[in-house]
1. Can THR113 be described as surrounded by fewer than 17 Cβ atoms within 10 Å (Cβ to Cβ), over 23 Å from the mean Cα position of the chain (by Cα) and within 25 Å of THR184 (Cβ to Cβ)?
2. Within the stretch 648-671, which residues are among the basic types (Lys, Arg) and either touching a Gly at 6+ places or on another chain (Cβ under 7 Å) or closer than 12 Å to ARG719 by Cα (or both)?
3. State all residues of the stretch 180-220 that are small (Gly, Ala, Ser) and surrounded by 11 or more Cβ atoms within 10 Å (Cβ to Cβ); if no residue qualifies, say none.
4. Which one of these is modelled with pLDDT of 80 or more and either open to solvent by 30 Å² or more (accessible area, probe 1.4 Å) or not polar (S, T, N, Q) (or both): VAL399, VAL378?
5. Name every residue in the stretch 436-468 that is on the phi > 0 side of the Ramachandran plot and either surrounded by 14 or more Cβ atoms within 10 Å (Cβ to Cβ) or at pLDDT 85 or above (or both), in order of residue number.
6. Would you check if there is a residue in the stretch 44-54 being under 19 Å from the mean Cα position of the chain (by Cα) and in a helix (DSSP H, G or I)?
7. Hey, could you check the stretch 31-49 for residues that are modelled with pLDDT of 75 or more and among the aliphatic types (A, V, I, L, M) and say which is farthest from ILE250 (Cα to Cα)?
8. For the stretch 227-267, which residues satisfy the criterion of being assigned to a helix (DSSP H, G or I), of a type in the set (A, V, I, L, M, F, W, C) and closer than 17 Å to GLN190 by Cβ?
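The values are calculated or read from the model by the stated rules, or taken from the named source; none is laboratory data. Worth saying up front: this structure is predicted, and the values here are computed from it rather than measured. Cβ atoms come from the backbone with ideal geometry, glycine included; neighbour counts cover every protein chain shown. Just so you know, the surface numbers come from the protein's heavy atoms only, side chains and all, with ligands and any DNA or RNA stripped out. Shrake-Rupley method; radii C 1.70, N 1.55, O 1.52, S 1.80 Å.
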Amino acid sequence: MAGLFWHVRTRVSSTGLAAIIAVVIVAATLAVASALAVGQRRSAEAQVERRAAQAADAVAAEAGRYVDTLRTVAASAGAFEPLTAAAFRQAVAPLKDMNLAGATSIAFLVPATDDQVPSVQARWRSRGVPDLRVKPVGTGVEHLLAVLSVPLDGASTPRLGIDASQAVAPARALTEARRSGAVTISAAYQLIIDQNVPADQRQMSFSLTAPVYAPADAAGQREFRGWLLMGLRGHDFIAKTLHQEAQGLIDVSLRAEDVGGREAPVAALDAPVTGRRDLTRTVSVPVADRYWHLRVDAAGASLPGVTTGLPTVITVSGVILGLLLAGLVWVLATGRARARAEVKHATAELATAEADARRQAELLGAVLDGISDGVGVVDHQGEFLLHNPAAKAILGLGVDKGGVDNWQDHYGIFEPDTITPFPTPRLPLVRALAGESVDQVEMVIRNPAQPDGVTITVSARPLSGAGQGAAVAVFHDISARKLAEAQLAATVTELREREADLRAFAGVVAHDLKAPLSVVAGYAEFLDEALATGAPSTALRPTLHKVHSGVARMSRLIDDLLAYATARDGVLQPATVDLQTLTADVITGRTAHLRGNPAIAFPDIYTGSLPTVHADPVLVRQLLDNLIGNALKYTLPGQPARIDIAARDDAPGWTRIEIADRGIGIPAAEHDQVFERFHRSAAHSSYTGTGLGLAICKKVIERHGGRIHAEDNPGGGIRIIFTLPVHAHATEASPRRLEPHLCTTSDTQPR
């Protein structure tokens, strides 16, 4: 009886102990699994937040590109005098190659009252739109008439003559653009040109508008000439802009204010994934003078690297482990045989847990393979344990080479200057192996697989618990960012050069314009005093001559300044130019005053066979007039000018023109300097001039993609050599560098 009692008590105690162990382990497991689930949820929310911000940045950047483009085209259209249909097509031609998603067409609109409508129609018919028929709507209002239009999507049909005042949304945007002088965007509405499109194919759209002004007059005032209006279909714009950002993982919808001031749906992109959209973010995007609203919805379970089965696995494993331990306690307490059976069962369960662990490792490998940043792991001897595909693509070599001392020769690691080898002790992974955490170290990888070099940043950390001295590094490719920074630096340099031009111009105005004005003022006072005393008119002739000389000097300087500004900033109007005819015309004009004057020796000018070129006729005439004028002016005292003009082929699509004289020449040390603004050679100090002639020539040639330089002419004098394109596409292949050329029997002979 006592033995039976002891046996029952032992089984009850063993069962209670096993139950306590099971409860404790299951409770701990549930706590860990719950913490992991909360962490995954926060990671999902952070990922949606980041994707929403990326989508907003993409929309803002693309819309900003449209706004900047429209502002630039408006400035270009305003520079034409007068603006014609052909000039408008030329101004907007670059837009067709810019792949402006959603853009339908771009039109030029002008305001008109009821009385002005007939004259507006007649004016624009004479400017290249012979079939224009304006269609004003209503009376007693200002009509907004489309007189020019160019399609941008290859499908829209221009609707010339329509009155935009009938559409409330674009009319308000046009009015605000004229008031503010800035680019504006309308409320969401359906475009007038889409009224004939089937209802199921219509989109909510916008109108981007920009005011067009004429260049400022002498008083600084700018005449308002009209507007540019570009239609933008909302869904097409969003679909193209956010296709890459959505990556098929998130739903994106665009809402914007409509004509009634209510927020209306404009466009939506739905991700091809299933599951409840349990994560939502809404962001505002500034576009011109309005705000758009982007809403991002995502199914947390479908986001990569966020939701895994780890909490479930841990929960199941913990419960199983708790039960196993409880069972083991119970078995150990109740009998050896049962213990043996339970050990076998536990072994099977451990095998299952091991399989789960392998699956988790495979999941981690998939995540590493899918991310765009490179990841590398090394052991304490510098042997690579892991390189994900992105790391191999960045480093350019598929085969790793271990050992710290071998990394430099194998991968080609350089300082940001791309020349200095990166010191091995300073490599991020080497520092991490020594226990140091390193962030954002910039370096360049250049090897046979990456001959042009890749700029990256590297962050590295030591790995605790991964063996002796293990470390991990993350590589991020910043080549695109560095290129953008270089382009920005080039833009800043160009702006500084423009600033230098303005400083130089201010100096000229302060000195060179003031000097002849002082001469004119002084001699004018002298004339006034002479007339007051009754001096004979013949005595005033020298004074009048000096007044005229000062006025002429100031006029030459002003003309040269205007010519330099035109050569630098004027809109090119390329056409076919016959250099033979144009050169003859310039020579005739330059020597007309010498003909029939026996007291002056007529210049000896030889002109060889000259080709036709594709260039701006006005600028090329200015170029030839300056160079031939210099050759006629800078001659030796008492000697007639001798000039040779010839041409020969240069690089494919280019011709080389040479103008040689036998004048006073230019010192060899100044051959490059004479093309700079306001530089005058010491050899020319006794001759009148502004120092802008050759600078104008250089700008004309550079605007056409050519080259110009000076060299000594054998036998005395100077030779100016430049290149011009012979057809419209020559500038696609820039001419080779001009090399010094001496005359031979096959070229123009020095005379």
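1. Spelling it out, THR113 is indeed surrounded by fewer than 17 Cβ atoms within 10 Å (Cβ to Cβ), over 23 Å from the mean Cα position of the chain (by Cα) and within 25 Å of THR184 (Cβ to Cβ).
2. Our first condition is that a residue be among the basic types (Lys, Arg); within the stretch 648-671, this holds for 648, 656, 662.
Hit for the stretch 648-671 is ARG662, nothing else.
3. We begin by selecting, within the stretch 180-220, every residue small (Gly, Ala, Ser); these are 180-182, 186-188, 199, 205, 207, 210, 214, 216, 218-220.
Within the stretch 180-220, SER180, GLY181, ALA182, SER186, ALA187, ALA188, SER205, SER207, ALA210, ALA214 meet the criteria.
4. VAL378
5. First pass over the stretch 436-468, keeping only residues on the phi > 0 side of the Ramachandran plot: 440, 453, 465, 467.
Selection gives GLN440, GLY453.
6. The answer is yes, given that some residue of the stretch 44-54 is under 19 Å from the mean Cα position of the chain (by Cα) and in a helix (DSSP H, G or I).
7. Going through the qualifying residues, I end up with ALA46.
8. PHE237, ILE238
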